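These notes concern the structure reproduced below.
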Amino acid sequence: MSIQWFPGHMTSARRNAAETMAVIDVVIEVLDARAPEASCNPMIKELREQRQRPCLKILNKADLADPAITQAWLDFYNQQQGVKAVALSCKSASDAAKVPKLCQPLAPHRDSNHKPLRMMIMGIPNVGKSTLMNMLLKRRVANVGDEPAVTKSQQCHKLNEHMTLTDSPGLMWPKIEHHEDGLMLAAIHAIGRNAVIEEEIAENLAAILLARYPAQLAERFALDVNGMDGIGVVEAVAKKRGCLLKGRGGEPDLEKASMILLTEYRAGKLGRISLETPETRAAMIRRAQECQTDTAA
Ligand SMILES: Nc1nc2c(ncn2[C@@H]2O[C@H](COP(=O)(O)OP(=O)(O)OP(=O)(O)O)[C@@H](O)[C@H]2O)c(=O)[nH]1
Ligand SMILES: [Mg+2]
């Protein structure tokens, strides 16, 4: 079943974003460095391009992502017109402090009291937008929390005499085209729990870990992962962590084990792990196109 999550408040959030887009100079798009393209909202691109606004793409939570893969993504984005990309961990004050200086060259005509540089932070839920806002303002103006859709409305603050900053609610889009994207977005916790089946998300995460980070997976859960598949990993985690269904003859509690795998991955306990690379993404798109051609034939 495909994953879709577009709760009601996002319709008004989209409308408000379109209005604010008319009166800002630079979009700060916060992505998740572990799945940068999956976390790129096509609706934000469309709103930005309608108004021809330049964009600073922040690959945030870089502390949780594979550094070599993050570098490959930066090279990918820095070739795009009107885009500057940087990898940061906005939980760190010194990283967040780099943001205004990176935005300034994107709108060189906006640098005075008369013409302040106006920036809007956008992105999908739970990527760290409000964390960045609070860090830059050096006070807690926005609630933050490790769950999607904490922020429900925009707020604008003066950063200094010649800069303003708007935080906005996390935005999804009405139809996620690739099922793999939905699975990755759920794994990084950008999608509400009511819209996903955790076992499916954990199984897919386990399959990615088996393919690309088997040593980290084996070490974290003390497993011999040879010959295992995704669901086999979830079952093995259940056994290792004593997650058994009561009164069912020692049957593994896959739901509980799935949450353990997801929670530990999200917290970085398996190490710095990226879910997609420019190559895996290109292959995924090729597969989808081939599938479409086959269906049309
Ligand atoms: N590891 C890590 N965690 C981060 C980073 N930035 C933010 N977080 C955490 O990510 C979670 C979400 O942060 P928020 O700032 O609330 O995210 P948001 O994008 O405003 O989320 P919504 O308002 O729900 O759209 C919080 O638990 C933050 O502490 C980072 O650079 N690294
Ligand atoms: Mg927020």
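The values are calculated or read from the model by the stated rules, or taken from the named source; none is laboratory data. Note that the coordinates shown come from a computational prediction; the quantities given were computed from them, not determined experimentally. Heads up, the Cβs are rebuilt from the backbone with ideal geometry, glycines too, and the neighbour counts pull from every protein chain shown.
Would you check if ALA65 is within 27 Å of GLU200 (Cβ to Cβ), touching a helix residue (DSSP H, G or I) at 6+ places or on another chain (Cβ under 6 Å) and either buried (at least 17 other Cβ atoms within 10 Å of the Cβ) or among the acidic types (Asp, Glu) (or both)? It would help to see each step written out before you state the result.
On the way: within 27 Å of GLU200 (Cβ to Cβ): yes; touching a helix residue (DSSP H, G or I) at 6+ places or on another chain (Cβ under 6 Å): no; either buried (at least 17 other Cβ atoms within 10 Å of the Cβ) or among the acidic types (Asp, Glu) (or both): yes.
Judged against the criteria, ALA65 is not a match.
Looking only at residues in region 151-160 that are within 16 Å of ligand 1 (Cβ to nearest atom) and surrounded by fewer than 21 Cβ atoms within 10 Å (Cβ to Cβ), which one is farthest from PRO125 (Cα to Cα)?
Keep residues of region 151-160 that are within 16 Å of ligand 1 (Cβ to nearest atom), which gives 151-157.
Those left that are additionally surrounded by fewer than 21 Cβ atoms within 10 Å (Cβ to Cβ): 152-157.
On the way: LYS152: 10, SER153: 12, GLN154: 13, GLN155: 16, CYS156: 18, HIS157: 20 Å.
Residue satisfying both the conditions and the ranking: HIS157.
Return the only residue of PRO100, PRO116, PRO105 being modelled with pLDDT of 95 or more, more than 16 Å from ligand 1 (Cβ to nearest atom) and touching a His at 6+ places or on another chain (Cβ under 6 Å). Break it down stepwise before answering.
Numbers: PRO100 fails: touching a His at 6+ places or on another chain (Cβ under 6 Å); PRO105 fails: touching a His at 6+ places or on another chain (Cβ under 6 Å).
It is PRO116.
Provide a single number: the residues in region 97-154 that are among the polar types (S, T, N, Q) and part of a helix (DSSP H, G or I).
Within region 97-154, the first condition is being among the polar types (S, T, N, Q), and the residues that meet it are 104, 112-113, 126, 130-131, 134, 143, 151, 153-154.
Subsequent filtering for residues that are part of a helix (DSSP H, G or I) retains 104, 130-131, 134.
Total satisfying the criteria: 4.
Assuming ALA18 fulfils every condition listed in (1) in contact (Cβ under 8 Å) with a residue 60 or more places away in the chain; (2) surrounded by fewer than 17 Cβ atoms within 10 Å (Cβ to Cβ) apart from one, which condition is it?
Unmet for ALA18, out of (1) in contact (Cβ under 8 Å) with a residue 60 or more places away in the chain; (2) surrounded by fewer than 17 Cβ atoms within 10 Å (Cβ to Cβ): (1).
Being within 26 Å of GLU264 (Cβ to Cβ) and crowded, with 17+ Cβ neighbours inside 10 Å is true for just one of MET184, MET120, MET163, MET133. Which residue is that? Spell out the reasoning first.
Numbers: MET120 fails: within 26 Å of GLU264 (Cβ to Cβ); MET163 fails: within 26 Å of GLU264 (Cβ to Cβ); MET133 fails: within 26 Å of GLU264 (Cβ to Cβ).
MET184 is the lone residue from the list that is within 26 Å of GLU264 (Cβ to Cβ) and crowded, with 17+ Cβ neighbours inside 10 Å.
Can you list residue pairs whose Cβ atoms sit under 6 Å apart, with the first residue in region 182-204 being over 16 Å from SER274 (Cα atoms) and the second being at pLDDT 95 or above and outside any helix (DSSP H, G or I)? Count only pairs 6 or more apart in sequence or on different chains.
Close Cβ pairs satisfying both conditions: ILE191/TRP5; GLY192/TRP5; GLY192/PRO148; ALA195/TRP5.
Output the number of the condition that TRP5 fails; it satisfies all remaining conditions of (1) buried (at least 19 other Cβ atoms within 10 Å of the Cβ); (2) assigned to a loop (DSSP other than H, G, I, E, B); (3) touching a strand residue (DSSP E or B) at 6+ places or on another chain (Cβ under 9 Å).
Failed condition: (3).
Could you list all residues from region 251-281 that are closer than 25 Å to GLY145 by Cα and within 15 Å of the chain's Cα centre (by Cα)? Talk me through it step by step, then tell me what you get.
Taking region 251-281 and keeping what is closer than 25 Å to GLY145 by Cα, we get 255-276.
Of everything in region 251-281, those that are closer than 25 Å to GLY145 by Cα and within 15 Å of the chain's Cα centre (by Cα) turn out to be LEU262, TYR265, ARG266, ALA267, GLY268, ARG272, ILE273, SER274, LEU275, GLU276.
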